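These notes concern the structure reproduced below.
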Amino acid sequence: ASSRASSPLAKIPAAKRVNVLEEYAKRSTDKPKMNLVVIGHVDAGKSTLMGHFLFDLGNVNQRMMQKYERDSQKIGKGSFAYAWVLDETGEERDRGITMDIAMNYFETPHRQFTLLDAPGHRDFIPNMISGTSQADAAVLVVDAATGGFESGFDANGQTKEHALLARSLGVQQLVIAVNKLDVMGWDQGRFDEIVGKLGVFLLQAGYRKNNLTYVPVSGLTGENLVKRSETEALTSWYRGPCLLEVIDAIEPPVRLLDKPFRMGVSDFFKGGIGSGGGVSLAGSIDSGSVQVGEQVMVIPGNEIGVVKALQVNDETTNWGAAGDSVLMTLAGLDILNLSTGCVLCTPLHPVPITTTFTAQIVVFDVRIPITSGFPVILHHQSSNEPASIVKLLCALDKSTGEIIKRNPRHLSKGATAKVKIQLSHRAIPLETFKDNKQLGRIMLRKGGETVAAGVVDEILTFGA
Ligand code: GDP
């Protein structure tokens, strides 16, 4: 850590330095870039809906689609064709579920989206967590068929769990696709019933009314996806926007450009971009900016490297800023200094590493209430670490955030609370949610189930 004190800009001659704020302002005249996650109960129709949506937008070529159709008819599951647009591997097709988060990119008239397709299966919640933690907004798909909505909404359904999870991870805008309404003959009563029940729950979960938009759709027939429906059964009572119009109007997130540089590392490998030496790292910039020639620090470890090459969205460039997905090559750093869950930052303002912090959490459907000393697995960015909830500080009112009770004895399902958390084995890079929305989000799991999720409030011990 000898080079720690020098300025990260010292390596770049003044004439070559990029004025990131200026460049960013120029680039921002482009369509804003956003990350969208699709959530909802298994079989709600997420894959079919998004696959059909992307196909109608022109994102999937005709020949591929015909192949998907032939393949799915061969195994007697004709309607799976659209879902296959998103499910890429053979194993997923055989099992008929989306296993991992399939990445897809699409543009609407005013926005550019990276689609993180979250799977609906219970076992795959950790994948959804890493996907949602980067999401700016979510599409919640619910099944409007008789009994369909109910099975997703009741105790063991994932509709509520996913919506809560997204909210506790900082997702504010939710588009609710009331799907499979074709099966119900586009019955307005059914739509209203679902909007009513879901609305009460979503407001309780902390979403703002203005940030919730409900759209009646059919992922299978394609009704009301990219153009307004002309089916009379629907137009007789619904004159609102189609899914595309709603998605196109999602508010772009505020990027944390003026904060210190932070980037969660999602992947790394030996060798440079294209060719040459060094190590390469992939991830998305959480805050601030970085440019070729600058020094960056790896936390934990405090090792320093120099940025040699940079790619943003597969294009070579000399700078990147908050919100960009980047691939970069570093010189002067051994690959042994990198680990999953590590964070790159500016050596001028390194990310604090900590073993103890307080967090504001939302408690999920737990069978046994949380008491102090409760052991958990803490999920943060792409890492997970054993930890425990060492103290229950106070229970909070969900909507006002006011303290209802200090030092509660236990926290049961649905509770919002402030707690103190302690890592069991090692310190990890964390920031408060106020300082950094990505690095300030956490998830607590136990025995393969999500127990709670929330945001970091205060860091109590700095360093290991
Ligand atoms: P996922 O698990 O949420 O991704 O759901 P899938 O996309 O795999 O869909 C589950 C089942 O619902 C499949 O059999 C689909 O064909 C069917 N499905 C999806 N959307 C619709 C719809 O809008 N109408 C009807 N009738 N069936 C649908």
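The values are calculated or read from the model by the stated rules, or taken from the named source; none is laboratory data. In this text the structure is predicted, and so the values were computed from the model without any measurement. As a convention, Cβ positions derive from the backbone with ideal geometry for all residues, glycine included, and neighbour counts pool all protein chains shown. In case anyone asks, the SASA skips ligands and DNA or RNA and just uses the protein heavy atoms, side chains included. Shrake-Rupley method; radii C 1.70, N 1.55, O 1.52, S 1.80 Å.
Reported count of residues in the range 395-404, each being at pLDDT 85 or above and surrounded by 13 or more Cβ atoms within 10 Å (Cβ to Cβ), is 4. Checked against (1) without any contact (Cβ under 8 Å) to a residue 40 or more places away in the chain; (2) of a type in the set (A, V, I, L, M); (3) touching a Phe, Trp or Tyr at 6+ places or on another chain (Cβ under 8 Å), Val296 passes all but condition (1). The residues of the range 276-318 that are hydrophobic (A, V, I, L, M, F, W, C), open to solvent by 20 Å² or more (accessible area, probe 1.4 Å) and in contact with a helix residue (DSSP H, G or I) (Cβ under 7 Å, 6 or more places away or on another chain) amount to a single one, Ile304. Within the range 414-427, being at negative phi and surrounded by 15 or more Cβ atoms within 10 Å (Cβ to Cβ) holds for Ala415, Thr416, Ala417, Lys418, Val419, Lys420, Ile421, Gln422, Leu423, Ala427. How many residues does the range 304-327 contain that are closer than 17 Å to Asp267 by Cα and not small (Gly, Ala, Ser)? Qualifying residue count, the range 304-327: 9.
Checking each residue in the range 421-464 for being modelled with pLDDT of 90 or more, assigned to a loop (DSSP other than H, G, I, E, B) and among the charged types (D, E, K, R) picks out only Glu431. The criterion of at least 1 residues that are surrounded by fewer than 24 Cβ atoms within 10 Å (Cβ to Cβ) and of a type in the set (Gly, Ala, Ser) is met, among strands (runs of 3 or more DSSP E) falling completely within the range 130-225, by 137-143.
Before we move on, is Gly288 under 30 Å from Ala322 (Cα atoms) and at pLDDT below 90?
Considered against the rule, which asks whether it is under 30 Å from Ala322 (Cα atoms) and at pLDDT below 90, Gly288 comes out as no.
Within the range 11-31, being modelled with pLDDT under 80, within 30 Å of Gly332 (Cα to Cα) and either open to solvent by less than 100 Å² (accessible area, probe 1.4 Å) or among the acidic types (Asp, Glu) (or both) holds for Ile12, Pro13, Ala14.
Tell me, yes or no, whether the range 411-420 has at least one residue that is among the β-branched types (Val, Ile, Thr) and modelled with pLDDT of 95 or more. The answer is yes, given that some residue of the range 411-420 is among the β-branched types (Val, Ile, Thr) and modelled with pLDDT of 95 or more. Applying the condition of being open to solvent by 60 Å² or more (accessible area, probe 1.4 Å) and farther than 22 Å from Leu393 by Cα to the range 436-456 and asking which residue is farthest from the chain's Cα centre (by Cα) yields Gly447.
Filtered by the rule that a residue be assigned to a strand (DSSP E or B), touching a Ser or Thr at 6+ places or on another chain (Cβ under 8 Å) and open to solvent by 60 Å² or more (accessible area, probe 1.4 Å), the range 256-267 gives a lone residue, Ser266.
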